[in-house]
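Only one structure is covered here, and it is reproduced in the block below.
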Amino acid sequence: MEKPRSEVVLYGTWASAYCTRVQLALKLKGIAYEYVEEDLTNKSESLLHYNPVHKKVPVLVHKGKPIAESLVILEYIDDCWNNSPNLLPLDPYQRAKVRFWANFYDQKIIPSSYAVVLSKGKEQENAIKEFNELLTVLEEGIEKDFSTKFPFNGEREALGFLDIVVGAHACNYRALEEAVAVVVEPKEHPAFLSWVTKLKEYPLMKETLPPHDKLAARMRERFSLAPKRNIATL
Amino acid sequence: MAEIKLLGLWASPYDRRVLWALKLKGIPYEYVEEDLSNKSPLLLQYNPVHQKIPVLVHGGKPICESVIILEYLDETWPENPLLPSDPYERAVARFWVKFIEDKCSSAWLVFRTSGEEQEKAVKDSLEMLKTIEEHALGEKKYFGGDKIGMVDIACGAIVHWLEVIEEVVGIKILEPHKFPRLHAWTKNFEEAPIIKDNLPDRDQMLVYFKQAREKSLASA
């Protein structure tokens, strides 16, 4: 018989950026929560019960009621615990812009990064090229849409929605590059890299991101089908 | 009140979602029909990233992506809300809107492909509908209760277009006996006051999508 859970429970896996996002949001808001590490090769009854549709992590369970999908969870956290700091801006137009870029990152950048790690040779070179093109679109778009420069898209010190959405994934790029290939061309994306670097230094991010070596080892193991490759043109 | 322009395409379900929301909220707007084979400078200026419709322009400020537009409309004009007021119910609604967005591509693949690829797309579409039938729809009239909300709008567009796709490709997917709840919901939705007056002309849609399918198969 499972012992009764706390009011807020997060089912996740340590290496998942989507789970890191939720942890960042919970911690930023000072919400006490219990974390349950899932073994995705042997999913718990709880996970299957709480997320029957996707059977994936992260799942946030609040007073017994489950919410799945990281972006939905982030919005829920912001809605439910509407104390400072706000994850999303308060103005509807700003919110629309933040949502647009969060979606862009999830629908374009993340799949593109998978395409890189899962390909090799010429196909990988093309995937890397496309990835960098998408990154340029992201950089230019964010600089145009938000009046404040990187980092943090805001005047305040706390992380915002985009910092969480992008940072949880992007701050691990070095682990990915060690395991697979150099992906982000530094000369082409100084703004993006400067943002990611500043995010990595942010104490909350440092303590929440998965440990670099452990993640790199895990990526090497997971993507071992694609050979490591150093791009000489950098 | 700053003026609202909707850049759209009459045959697009994404465009239709925004139209329904504007009508449900009683928001006046100017409609600008786009020709996607000859995109206007306005569209390229307002949606440089995707160059797609719909684009809502409010007082010169563009908002892209139908679901993001719906959220914007709901936050800016809170009367006749599209999302519930309870945070948990809102999260449930957003989950289903996202589910529909992520999975509806299979319906488009049914339309654009043939042979094995189409068979797989049909299978995926059936799975999507099955999940909605079993997990999303309760015993209530609409997804969120007795009023039309964001999930209804998001789903309604896809289901309504699916009816056309089915006729164009000659494959029935949303069969009433297989999906009784969805079938009942579809009737409720398409007969609802504002929705039924704002459905695209069925004959025109059939002509449009028959031609589009021929083009799509020819270039495959």
Q. Can you name every residue in the range B:100-129 that is in contact with a helix residue (DSSP H, G or I) (Cβ under 7 Å, 6 or more places away or on another chain) and within 11 Å of another protein chain (Cβ to nearest Cβ)?
A. B:GLU101, B:LYS103, B:MET128
**Q.** Filtered residues of the range B:123-151 (kept if of a type in the set (A, V, I, L, M) and surrounded by 19 or more Cβ atoms within 10 Å (Cβ to Cβ))
**A.** B:MET128, B:LEU129, B:ILE132, B:ALA136, B:LEU137, B:ILE148, B:MET150, B:VAL151
Q: Kindly list, by first and then second residue, each pair from a residue in the range B:111-139 that is touching a residue at least 24 places away in the same chain (Cβ under 8 Å) to a residue that is among the charged types (D, E, K, R), limited to pairs with Cβ atoms under 7 Å and residues at least 6 apart or on different chains.
A: B:PHE111/B:ARG213; B:MET128/B:LYS103; B:GLU133/B:ARG181; B:LEU137/B:ARG181
Q) Among (1) farther than 27 Å from B:CYS64 by Cβ; (2) in contact with a helix residue (DSSP H, G or I) (Cβ under 8 Å, 6 or more places away or on another chain), where does A:LYS63 come up short? A) (2)
Q: Would you confirm whether any residue within the range A:150-158 is modelled with pLDDT of 90 or more, exposed (fewer than 14 other Cβ atoms within 10 Å of the Cβ) and out of contact with any helix residue (DSSP H, G or I) (no Cβ under 8 Å at 6 or more places or on another chain)?
A: no
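Taking the criterion of being in a helix (DSSP H, G or I), buried (at least 17 other Cβ atoms within 10 Å of the Cβ) and modelled with pLDDT of 95 or more, would at least one residue in the range B:57-64 satisfy it? Spell out how you get there, then give the answer.
First, pick out the residues of the range B:57-64 that are in a helix (DSSP H, G or I): none.
No, the conditions are met nowhere in the range B:57-64.
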Q. Is there a residue being over 25 Å from B:ASP102 (Cα atoms), of a type in the set (Gly, Ala, Ser) and within 14 Å of chain A (Cβ to nearest Cβ) anywhere in the range B:44-65?
A. yes
Q: Of the conditions (1) buried (at least 21 other Cβ atoms within 10 Å of the Cβ); (2) in contact with a Gly (Cβ under 9 Å, 6 or more places away or on another chain), B:TRP77 clears all except one; give me its number.
A: (1)
Q. List, please: which pairs have Cβ atoms under 6 Å, are six or more places apart or on different chains, and start with a residue in the range A:100-127 that is on the phi > 0 side of the Ramachandran plot and surrounded by fewer than 19 Cβ atoms within 10 Å (Cβ to Cβ) and end with one that is assigned to a helix (DSSP H, G or I) and not aromatic (Phe, Trp, Tyr)?
A. none
**Q.** Unmet criterion (only one of (1) surrounded by 20 or more Cβ atoms within 10 Å (Cβ to Cβ); (2) touching a helix residue (DSSP H, G or I) at 6+ places or on another chain (Cβ under 6 Å); (3) over 21 Å from B:TRP20 (Cα atoms)) for B:ARG94
**A.** (3)
Q.
Give me the helices (runs of 4 or more DSSP H) completely within the range B:106-220, filtered to those with at least 3 residues that are on the phi < 0 side of the Ramachandran plot, modelled with pLDDT of 95 or more and touching a Phe, Trp or Tyr at 6+ places or on another chain (Cβ under 6 Å), ordered by residue number.
A. B:150-169
Q.
Just to be sure I understand the filter: pairs with C-beta atoms under 6 Å, separated by 6 or more residues or on different chains, first member in the range A:24-53 and within 14 Å of chain B (Cβ to nearest Cβ) and more than 23 Å from A:CYS171 (Cβ to Cβ), second member surrounded by 12 or more Cβ atoms within 10 Å (Cβ to Cβ) and of a type outside the set (Val, Ile, Thr). Which pairs pass?
A. A:LEU48/A:LYS55; A:TYR50/A:PRO66; A:ASN51/A:ALA68; A:VAL53/B:HIS135
Q.
Looking at the structure I just gave you, is A:LYS65 within 14 Å of chain B (Cβ to nearest Cβ) and over 23 Å from A:LYS206 (Cβ atoms)?
A. yes
Q: Hey, can you tell me all the residues within the range B:68-91 that are in contact with a strand residue (DSSP E or B) (Cβ under 8 Å, 6 or more places away or on another chain) and without any contact (Cβ under 8 Å) to a residue 40 or more places away in the chain?
A: B:TYR72, B:THR76, B:TYR88, B:ALA91
Q | Any pair with Cβ under 7 angstrom, 6 or more apart, that starts in the range A:189-209 at a residue that is more than 15 Å from A:TYR173 (Cα to Cα) and aliphatic (A, V, I, L, M) and ends at one that is surrounded by fewer than 18 Cβ atoms within 10 Å (Cβ to Cβ) and at pLDDT 90 or above | A | A:LEU204/A:LYS27
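For the range A:68-90, give me each residue that is among the aromatic types (Phe, Trp, Tyr) and within 7 Å of chain B (Cβ to nearest Cβ).
Matches in the range A:68-90: A:TYR76 only.
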Q: Tell me which of these B:LEU42 doesn't satisfy, since it passes every other one: (1) closer than 20 Å to B:GLU3 by Cβ; (2) in contact with a helix residue (DSSP H, G or I) (Cβ under 6 Å, 6 or more places away or on another chain).
A: (2)
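The values are calculated or read from the model by the stated rules, or taken from the named source; none is laboratory data. This one's a predicted model, so the numbers in the text were calculated from it and none came from an experiment. With ideal geometry, Cβ positions are generated from the backbone for all residues, glycine too; neighbour counts draw on all protein chains shown.
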